[in-house]
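Notes for the one structure printed next.
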Amino acid sequence: MVPLLLVLLLALILFGAGFAVKALWWAAVIVLVLWLLGFVARPKGGTGRWYRW
């Protein structure tokens, strides 16, 4: 019974880590797209930067 619980716990941990990594990849892709859109749509005058920092 204990080995079965350990295997189920390991599967749960690995599934949770896989989901977190996939969510982080999606967040990185969204940030990259927003950065590229901001880079393309930046104002023509001024310093040429579309961000303030």
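Just a few scattered comments:
- Only a single item in (1) open to solvent by 80 Å² or more (accessible area, probe 1.4 Å); (2) modelled with pLDDT of 85 or more; (3) under 17 Å from the mean Cα position of the chain (by Cα) is not met by residue 19, and it is number (2).
- Of the residues making up region 22-41, those that are aliphatic (A, V, I, L, M) and open to solvent by less than 100 Å² (accessible area, probe 1.4 Å) are 23, 27, 28, 29, 30, 31, 32, 33, 36, 41.
The values are calculated or read from the model by the stated rules, or taken from the named source; none is laboratory data. Note that this is a predicted model, so its numbers are computed, not measured. Ligands, DNA and RNA are stripped out before the accessible areas are found, and what is left, the full protein with its side chains, is counted by its heavy atoms. Shrake-Rupley method; radii C 1.70, N 1.55, O 1.52, S 1.80 Å.
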